[in-house]
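Here the structure is laid out as structure tokens; the discussion comes afterwards.
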Amino acid sequence: MIELWNSLPEVIRILLKIVVILAPLMGLVAYYTLAERKIIGYMQIRIGPNRVGPRGLLQPIADAVKLMFKEIILPTRADKTLFIIAPLLTLAPALAAWAVFPFDENLVLADINAGLLYILALTSLGVYGVIIAGWASNSKYALLGALRSGAQIVAYEIAMGFALVGVLVAAGSLNLGDIVRAQSGNVFTWFWLPLLPLFLIYFISGLAETNRAPFDVAEGESEIVAGFHVEYSGMTFAVFFLGEYANMILISALSATLFLGGWLSPLPAAWVEGVFPLDSGFHWLLLKTFFFMFLFLWFRATFPRYRYDQIMRLGWKVFIPITIVWILVVGLAVVYKLPPWWSA
Amino acid sequence: MLDNYLPILIFMIIGLLVGGGAMVAGFVLGERRPDHQKNSPYECGFEAFETARLKFDVRYYLVAILFIIFDLEIAFLFPWAVALDGLGMVGFLAMVIFLAILVVGFVYEWKKGALEWE
């Protein structure tokens, strides 16, 4: 098998690796939508979808097939080229960001030194899809949604960027694998504790970046019907939808990696030694990611939508000052080698 | 070194193909019966009036401009953050001065009401 693998051309090997990452990811996206409907259903004392397949398990597949056979509407007044490009600009970065993501020690597709910079750049691209969609639709609701969403994403981008600077100061590297390794030790050496304000701000900004409740004014079903993608139907809408959920999974996985020690095990090594072979690895990353993915759904079921001025105030007047102060605190801690995090 | 970036390029292309492929499938499989009403902009059932290229609030521009400034600051902070461990106190104080100048601008725009949305 290994000989066969090595005999393949480089490009084919990379393609196969990408398929190994993307196929489970798309499956996760599909079943995340089902999980969302089921979990929010149970939180509202309903049972959620339960008709397609056993316990509704085939629902995402039915949805995909249905969307595929739906008519794609290209509005007469829309800018057709941009109208088609916009969903691609939302989905492609949300997928391509996984290229530098470390799934386990040494299990990463592209182990580049500028990993975090690359992810910041790609997640920033998402706003183009939203703005272009809103503009190209040539519809009032779409434009309003795109403006709201653009200003909101851009505002929280800054808070998110500052939070990432804090992580960089703490880890001293842009490489995601090195950031995880810098957290090794026990649960309390993970960055969530020394960077607690940044951790909270990063995840909340992630909610705002992905336009999720309680910051979903861009869609605001009850105010501006669906915001920037009101004119989209069928597969063009489905691509937006996939992009949004892929982004949510990406933010969850990044929160787990940057602040909760990625693939590191929360159990002290002495406990697990020889008991079971689950020391550290991919399964821990998966569990942590699922935890954040669940938070996305839980928040949606729990919090009422923020008003737009409240969203902007939270981003500009609360998050940005806190992050600037905390970067200085972390900087001092690193310069003075504050134990236990930076004693070495 | 650049070898490491080849998978990223391929991944981006694949990402575009996944989305493009899905939309092509939609165009091929879905039926298409366009008519004037269906293709007009959605306005809750009313006939669309006026153009959709509305005038919009100047504050959206303001946010975009402020974003450029702050995002640039973050770009400047990145190399400093990575190297801080080796720079020590001098490096830290240099960035304190840099951030202080940034904060002066931030306080100014705050007091001028550029961040007000009420």
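The values are calculated or read from the model by the stated rules, or taken from the named source; none is laboratory data. Keep in mind that what you see is a predicted model, and the values were worked out from it rather than measured. Backbone-built Cβ (ideal geometry, glycine too); neighbour counts: all protein chains shown. Please note that ligands, DNA and RNA were not included when accessible areas were found on the heavy atoms of the full protein model with its side chains. Shrake-Rupley method; radii C 1.70, N 1.55, O 1.52, S 1.80 Å.
Taking the criterion of being more than 27 Å from the chain's Cα centre (by Cα) and more than 30 Å from A:L143 (Cβ to Cβ), would at least one residue in the stretch A:68-91 satisfy it? No; the residues of the stretch A:68-91 include none that is more than 27 Å from the chain's Cα centre (by Cα) and more than 30 Å from A:L143 (Cβ to Cβ). Give the stretch A:69-100 a look and list any residue that's among the aromatic types (F, W, Y) and either touching a Cys at 6+ places or on another chain (Cβ under 7 Å) or over 17 Å from B:V24 (Cβ atoms) (or both), or say none. Answer for the stretch A:69-100, where residues must be among the aromatic types (F, W, Y) and either touching a Cys at 6+ places or on another chain (Cβ under 7 Å) or over 17 Å from B:V24 (Cβ atoms) (or both): just A:W98.
Scan A:G48, A:G41 and give me the residue that is in contact with a Gly (Cβ under 9 Å, 6 or more places away or on another chain), among the small types (G, A, S), more than 14 Å from every other protein chain (Cβ to nearest Cβ) and on the phi < 0 side of the Ramachandran plot.
Working: A:G48 fails: on the phi < 0 side of the Ramachandran plot.
Answer to the selection: A:G41.
Could you please let me know if A:P75 is in contact with a Gly (Cβ under 6 Å, 6 or more places away or on another chain), open to solvent by less than 30 Å² (accessible area, probe 1.4 Å) and part of a loop (DSSP other than H, G, I, E, B)? Spelling it out, it is not the case that A:P75 is in contact with a Gly (Cβ under 6 Å, 6 or more places away or on another chain), open to solvent by less than 30 Å² (accessible area, probe 1.4 Å) and part of a loop (DSSP other than H, G, I, E, B).
Under the condition of being more than 7 Å from every other protein chain (Cβ to nearest Cβ), open to solvent by less than 80 Å² (accessible area, probe 1.4 Å) and within 30 Å of A:A92 (Cβ to Cβ), the residues counted in the stretch B:35-61 number 0.
The C-beta contact set for the stretch A:279-299 (first residue touching a residue at least 60 places away in the same chain (Cβ under 8 Å), second residue open to solvent by 60 Å² or more (accessible area, probe 1.4 Å) and not in a helix (DSSP H, G or I), distance under 9 angstrom, 6+ apart or interchain) comprises A:S280/A:E105; A:S280/A:S184; A:G281/A:E105; A:G281/A:L107; A:F282/A:L107. Among the criteria (1) surrounded by 17 or more Cβ atoms within 10 Å (Cβ to Cβ); (2) without any contact (Cβ under 8 Å) to a residue 12 or more places away in the chain, the one A:P339 does not fulfil is (1).
For every residue, the table says whether it meets (1) open to solvent by 20 Å² or more (accessible area, probe 1.4 Å); (2) under 25 Å from A:V100 (Cα atoms); (3) among the β-branched types (V, I, T).
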{"site": "A:K140", "(1), (2), (3)": "yes, no, no"}
{"site": "A:I153", "(1), (2), (3)": "no, yes, yes"}
{"site": "A:A159", "(1), (2), (3)": "no, yes, no"}
{"site": "A:V165", "(1), (2), (3)": "no, yes, yes"}
{"site": "A:A171", "(1), (2), (3)": "yes, yes, no"}
{"site": "A:G177", "(1), (2), (3)": "no, yes, no"}
{"site": "A:Q183", "(1), (2), (3)": "no, yes, no"}
{"site": "A:W192", "(1), (2), (3)": "yes, yes, no"}
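Restricted to the stretch A:143-163, and to residues that are within 22 Å of B:E43 (Cα to Cα) and either of a type outside the set (S, T, Y) or outside any helix (DSSP H, G or I) (or both), which residue is farthest from the other protein chains (Cβ to nearest Cβ)? Filtering the stretch A:143-163 for residues that are within 22 Å of B:E43 (Cα to Cα) and either of a type outside the set (S, T, Y) or outside any helix (DSSP H, G or I) (or both), the one farthest from the other protein chains (Cβ to nearest Cβ) comes out as A:G145. For the stretch A:82-120, which positions are open to solvent by 40 Å² or more (accessible area, probe 1.4 Å) and farther than 26 Å from A:L168 by Cα? Result: A:L82, A:I84, A:I85, A:L89. Go through (1) in contact (Cβ under 8 Å) with a residue 12 or more places away in the chain; (2) at positive phi; (3) among the small types (G, A, S) and name the single condition B:A114 misses. Against the list (1) in contact (Cβ under 8 Å) with a residue 12 or more places away in the chain; (2) at positive phi; (3) among the small types (G, A, S), B:A114 comes up short only on (2). Among the residues of the stretch A:239-253, the one identified as touching a Leu at 6+ places or on another chain (Cβ under 6 Å) and open to solvent by 10 Å² or more (accessible area, probe 1.4 Å) is A:L242. Just give me the residues in the stretch A:10-53 being outside any helix (DSSP H, G or I) and without any contact (Cβ under 8 Å) to a residue 40 or more places away in the chain, in sequence order. Residues satisfying the conditions are A:I45, A:R46, A:I47, A:G48, A:P49, A:N50, A:R51, A:V52, A:G53. Annotation: of all residues in the stretch A:128-142 being in contact (Cβ under 8 Å) with a residue 24 or more places away in the chain and facing chain B (nearest Cβ under 9 Å), the one that is nearest to A:I84 (Cα to Cα) is A:S137.
State whether the residues of the stretch B:68-91 include one that is surrounded by 14 or more Cβ atoms within 10 Å (Cβ to Cβ), at pLDDT below 85, more than 7 Å from chain A (Cβ to nearest Cβ) and in a helix (DSSP H, G or I). For the stretch B:68-91, residues surrounded by 14 or more Cβ atoms within 10 Å (Cβ to Cβ), at pLDDT below 85, more than 7 Å from chain A (Cβ to nearest Cβ) and in a helix (DSSP H, G or I): present.
May I ask you to verify whether B:W110 is more than 27 Å from A:R148 (Cβ to Cβ) and not small (G, A, S)?
Values: more than 27 Å from A:R148 (Cβ to Cβ): no; not small (G, A, S): yes.
Against the criterion (more than 27 Å from A:R148 (Cβ to Cβ) and not small (G, A, S)), B:W110 does not qualify.
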